[in-house]
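Report on the following structure.
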Amino acid sequence: MKYDYDVVIVGGGIAGLTLADQLSRRQISLTLYQPHSGPRSSDVAAGMLAPSSEITFFAPDEAAVFLEARNYWDDFAPRLERDAGAKIYFDKTGTLLIAATPGDLQDLKRTHDFLRGLGIELEPLTLAQTRAIEPSIAPRLAGALRSEIDVQVDNRSVLVALDSVIRDRGVTVRDAQVTSLSFHDHVWTVTDELTTTVTARKVVVATGAADLSLLLGEATLSRLEIPKVRGVKGDILRLKPITGFEGPLHVLRSIVEGRWSYIVPRSHGEIVVGASMEERPPGQGPRVGAVFELLRDSTTIVPELRETELCEVRTGYRPATADARPLVGATGVEGLYINTAHFRHGFLLAPYTSYLLAEMIAEERGALSAFDDMVKPQRRPNTVS
Ligand SMILES: Cc1cc2nc3c(=O)[nH]c(=O)nc-3n(C[C@H](O)[C@H](O)[C@H](O)COP(=O)(O)OP(=O)(O)OC[C@H]3O[C@@H](n4cnc5c(N)ncnc54)[C@H](O)[C@@H]3O)c2cc1C
């Protein structure tokens, strides 16, 4: 039976776009569905590439994949800028983890001990040392750690660059929601909301926090033992300097009376302040209390943020499984793959996991070349191994 493309990718966030980039580099014919009206958490993310300061959010045995993914960015970022002819603001100034109170400093020390156990060494700094390299922080804080491996990128510039690169390579990007997938005689038929159909040998579902059962069906997911995906809500702010104050020099991850938040300054002027993390139903907007706490905690760390303009308040839903691990790989159904659930770390992880998945698809392998056990979609749902 004939088909239109080798691969159809459903969903054009960071997961779908990085995969489209990798496959189109390998001259694999593909089309990508990216409905502009749909929610896309990749637009709201802060763009931190932070294996060490995100450590409290993943299991110890995952550290290796986080570090590999971070290292992958050192090649990926310049290559993407070259291919797109555009800047993505990959910024390696580094990150300061800052404790506001003596109690917070104890928490930070515990985090440091945990990191050491994983072989990740950070540099402890006194307040005076911290203020010498980051003059924007308040005079009465407790102490800090410096991480040189935690860096950042402008998430929106990355999305624009990827979109332009894949279009230049001839990939058709379709502004439509996919409504059904069907399989017959070794070929997938993908139908969208406009009732247009395309056919392909392989389909990759990269639909972020959308319920996988909408496309794959509840019964199929449970038969294949694929965990459910849910969205974990996050409110996030974007600020802009309006006085002489340009923002901090480093990414600042701070803990204020037990609450973690971050400030991400871009070299082009934007300052991102985030983010809440809440289990809420889909479709909600920013919560007043969450925005209040972000403003209070970020101005505790950097008082001059009070003099910036609050330009944007957004909400996104991080795609997550019960075991907080991504779903990347084959599903057990011929030609059907998943690339989602990168949770809090989509920008850190997706360029690397998409690279592994593209190799698997291109070379018709049965497993990813690394970390297959950790991220393969077919694992018993709702268990942490
Ligand atoms: C507040 C916040 C801050 C974050 N900060 C960071 C950070 O600093 N660093 C980091 O690494 N990660 C961060 N993340 C996490 C990161 O944003 C996500 O892991 C990542 O964006 C997920 O990418 P994705 O492509 O899987 O999903 P998305 O970006 O949500 O893209 C999925 C796409 O699929 C489309 N889609 C869904 N259903 C269909 C369908 N049926 N047909 C066609 N298309 C469909 C959607 O419309 C959407 O465009 C943050 C997330 C949030 C919410």
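Before moving on, here are some points about what is shown:
- Under the span-like rule (Cα at least 18 Å along the axis, Kyte-Doolittle mean at least -1.0), DSSP H helices of the chain: 63-84, 155-168, 288-301, 346-362
- The residues packed around Gly208, meaning those with a beta-carbon under 12 Å from its beta-carbon, carry a net charge of +1 if Lys and Arg are +1 and Asp and Glu are -1.
- Rg/Rh, computed from the Cα trace of the stretch 128-204 with Rh as the Kirkwood radius, has the value 1.35.
- Calculated [θ] (222 nm, deg cm²/dmol) that DSSP helices of n ≥ 4 give over the chain, each run adding -39,500 (n - 2.57): -9500 deg cm²/dmol
- Distribution of pairwise C-alpha distances over the stretch 120-265, 10 Å bins, in %: 8, 23, 24, 19, 17, 9, 1
- Cα extents of the chain along the three principal axes, largest first (Å): 70, 42, 38
- Charge sum, other residues only, whose C-beta stays under 12 Å from Gly11's C-beta, Lys/Arg counted +1 and Asp/Glu -1: +2
- Environment charge at Asp74 (Cβ cut-off 15 Å; Lys +1, Arg +1, Asp -1, Glu -1): -2
Every number in this text was worked out from the coordinates using simple rules, so none of it is lab data. Everything numeric here is computed off the predicted structure, so don't read it as measured data. Here the Cβ is made from the backbone with ideal geometry for all residues, glycine too, and neighbour counts use every protein chain on show.
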